[in-house]
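Only the coordinates and a few stated rules stand behind these numbers; no lab work does. Computed from a predicted model, the values in this text were never measured in an experiment. Reconstructed Cβ throughout: ideal geometry from the backbone, glycine too, with neighbour counts over all protein chains shown.
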């Protein structure tokens with residue numbers, strides 16, 4: 001069994017400190033929704049994030065990254081065969097658990113509305129019980145209390161250079177065990193220390209800085225060939 005964690009994911013409702021900023025108010029007016037009903041998005045809220053100097057603003061406000069990642073992961077044969085469990089661990093310590101029957105909206109605007117409703121605990125009639133949100137679940141709690149993997153691998157340009165096939169060959173030796181892969185769900189920077197210190201190994205699969213959905217596609221493809 002494989003688990004995939006999109007860690008420090010840049011997806012959240014607009015924080016309270018930004019709700020009265022002009023850029024947020026203007027965006028709310030344009031979309032006809034309140035600040036509690038929209039996701040923080042650096043494309044619209046950059047000025048507010050910078051002026052209010054919210055914590056690590058450069059790693060936040062990119063829900064489109066999470067959308068790309070989920071579309072990629074949930075479209076794989078590995079997920080369709082129920083051999084992959086997917087989790088989203090957000091920057092602000094919320095946990096999104098993806099049901100293995102979920103088909104994520106391909107359209108970003110539908111995805112954004114869906115996630116905003118889930119963050120607001122509104123029942124989604126189109127996808128009941130297919131996405132579960134848990135409050136105040138840290139990355140460490142997810143790993144130690146929920147997934148409990150036999151091995152935990154992170155992927156980053158800071159990691160040891162290696163081919164995915166070699167990573168699987170030398171580490172994935174028993175299909176009855178639970179192997180967990182962690183990919184960053186943010187646009188800039190690296191994993192925080194509290195996350196990187198939990199990895200059994202940190203790998204880099206390319207000399208280039210790849211977008212997270214590309215890493216997910218390559219890792220899961222190799223896993224399909226390996227099982």
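Could you tell me how many of the residues in region 13-36 are buried (at least 18 other Cβ atoms within 10 Å of the Cβ) and within 23 Å of the chain's Cα centre (by Cα)? So the answer is 5. Residues in region 51-63 that are surrounded by 13 or more Cβ atoms within 10 Å (Cβ to Cβ) and either over 9 Å from residue 18 (Cβ atoms) or out of contact with any helix residue (DSSP H, G or I) (no Cβ under 6 Å at 6 or more places or on another chain) (or both): 51, 54, 56, 57, 58, 59, 60, 61, 62, 63. Residue count for region 16-40 under the criterion of being closer than 11 Å to residue 60 by Cα and touching a residue at least 60 places away in the same chain (Cβ under 8 Å): the result is 1. For residue 176, the criteria (1) more than 12 Å from residue 156 (Cβ to Cβ); (2) touching a strand residue (DSSP E or B) at 6+ places or on another chain (Cβ under 9 Å) hold in every case but one, which is (2). Listed conditions (1) out of contact with any helix residue (DSSP H, G or I) (no Cβ under 8 Å at 6 or more places or on another chain); (2) on the phi > 0 side of the Ramachandran plot; (3) surrounded by 21 or more Cβ atoms within 10 Å (Cβ to Cβ) are all met by residue 90, apart from (2).
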